[in-house]
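Asks: This is the structure I want to talk about, given as structure tokens.
Since every read-out is calculated from the coordinates, none of them should be taken as a lab result. All figures in this text were calculated on a predicted structure; none of them were measured in a lab. As a convention, Cβ positions derive from the backbone with ideal geometry for all residues, glycine included, and neighbour counts pool all protein chains shown.
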Amino acid sequence: MNIDIQKVSDQATGYIMVYGTQILMALLIFIIGKWVVGVVSRAVGKALSNRKVDPTIAKFITNIIYYLMMAFVFIAALGQLGVQTASIVAIMGAAGLAVGLALQGSLANFAAGVLMIAFRPCRVGDFVEAGGASGVVKEISIFSTILLTPDNKTVIISNANVMGGNIVNYSMQAKRRVDLVVGVSYSSDLAVVKDQLHEIVANESAVLVGEEVTVAVSELAASSVNFVVRCWVNTPDYWPTYFALTEKVKITFDKKGIEIPFNQMDVNINYTPEANA
């Protein structure tokens with residue numbers, strides 16, 4: 001069997017010229033398109049930031065635009081290869097339906113992400129308790145929420161878990177109430193204790209002037225008389241004020257001779273000489 005090498009070579013060259021050019025153009029469309037998508041998404045993010053749009057909403061919108069544009073770039077690259085894009089779109093639609101049924105959890109996370117953006121129970125920078133974890137919200141993406149804990153651990157929680165439970169947002173309100181429980185012995189003069197607690201709160205600079213301050217006996221416990229101390233501070237000052245008041249109570253009570261009872265155990269040993277004879 002004789003093979004016309006020249007003919008085969010010419011056919012191979014023709015195929016390479018046709019399909020090689022198509023493949024090269026498809027790669028160029030994909031690479032350039034991906035670069036353009038990146039530029040556009042960053043420009044949108046910057047524009048939203050300049051307009052003082054909430055970082056949570058800005059990040060969410062940027063992600064949506066990026067993935068939608070990348071889908072168009074992918075379809076355009078396939079079209080350059082000669083693939084019927086109408087069929088691809090139909091196939092992608094059918095596949096999307098099948099994948100959607102298989103990945104109902106992911107769709108639930110996406111829907112929860114949309115709800116979080118719409119109702120905004122928390123924002124980037126808020127300190128929250130959600131999904132079994134607590135920390136500062138670093139990012140709310142399409143499918144998950146990222147928290148940074150006080151000890152610098154990153155916690156990634158699915159949006160469905162965040163929206164499916166209680167969300168405690170400690171940063172949403174401008175001010176918070178500090179609650180302290182202080183126990184003193186039954187022999188203490190309650191009037192003196194109340195005066196000292198009022199003075200401690202009054203001398204704390206972070207306590208908001210004009211807000212209600214409560215110092216009252218809250219419980220007659222087994223070994224102590226418990227006072228409740230309540231005052232208001234700006235939300236960022238909550239923990240510094242809480243720690244400062246606790247320390248000042250101990251220092252002041254020690255100076256004034258006010259006893260703070262603590263749990264004690266008395267051990268009695270009965271020695272009987274006859275039993276050891």
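Asks: By the gyration tensor of its Cα atoms, with a ≥ b ≥ c the square roots of the eigenvalues, what is the shape of the stretch 122-263: rounded for a/c under 1.5, prolate for a/b over b/c, or oblate?
Replies: Note, shape of the stretch 122-263 comes out prolate.
Asks: Give me the lysines in straight-line cross-link reach of residue 248: C-alpha distance below 25 Å, same-chain residues under 8 apart excluded.
Replies: Once the sequence-local lysines are set aside, what remains near residue 248 is 175, 194, 256.
Asks: For residue 68 and residue 141 in one chain, what is 0.36 nm times their gap in residues minus the Cα-Cα distance, to one decimal in nm?
Replies: 24.8 nm
Asks: Want the number for residue 195 to residue 31: 0.36 nm per residue separation, take away the alpha-carbon distance, what's left?
Replies: Using 0.36 nm per residue and subtracting the Cα-Cα distance, I get 51.7 nm.
Asks: Turning to a different aspect of this structure: Can you give the FRET efficiency to the nearest 0.05 for residue 21 and residue 43, using r as the Cβ-Cβ distance and R₀ = 35 Å?
Replies: Taking R0 as 35 Å, the efficiency between residue 21 and residue 43 is 0.65.
Asks: In nm, what is the difference between 0.36 nm times the number of residues separating residue 220 and residue 259 and their Cα-Cα distance?
Replies: 12.5 nm
Asks: Sticking with this structure for a sec: In whole Å, what is the distance between the alpha-carbon centres of the stretch 189-235 and the stretch 22-51?
Replies: Cα centroid of the stretch 189-235 versus Cα centroid of the stretch 22-51: 60 Å apart.
Asks: Let me ask you something else. Dipole of the stretch 175-256, Cα-centred, from +1 at each Lys and Arg C-beta and -1 at each Asp and Glu C-beta, to the nearest 20 debye?
Replies: 100 debye
Asks: Another one. List the pair-distance distribution P(r) of the stretch 175-256, using every Cα-Cα distance, as the percent of pairs falling in each 5 Å bin from 0 up to the bin containing the longest distance, rounded to whole percents.
Replies: Histogramming the stretch 175-256 at 5 Å steps yields 3, 15, 29, 25, 16, 9, 3, 0 percent.
Asks: Okay, moving on. Under 26 Å from the Cα of residue 59, which lysines turn up, not counting those fewer than eight places away in the same chain?
Replies: Those lysines meeting the cut-off are 34, 46, 138, 153.
Asks: How far apart, in nm, are two points set 7 Å out from the Cα along the Cα-to-Cβ line at residue 114 and at residue 185?
Replies: 6.6 nm
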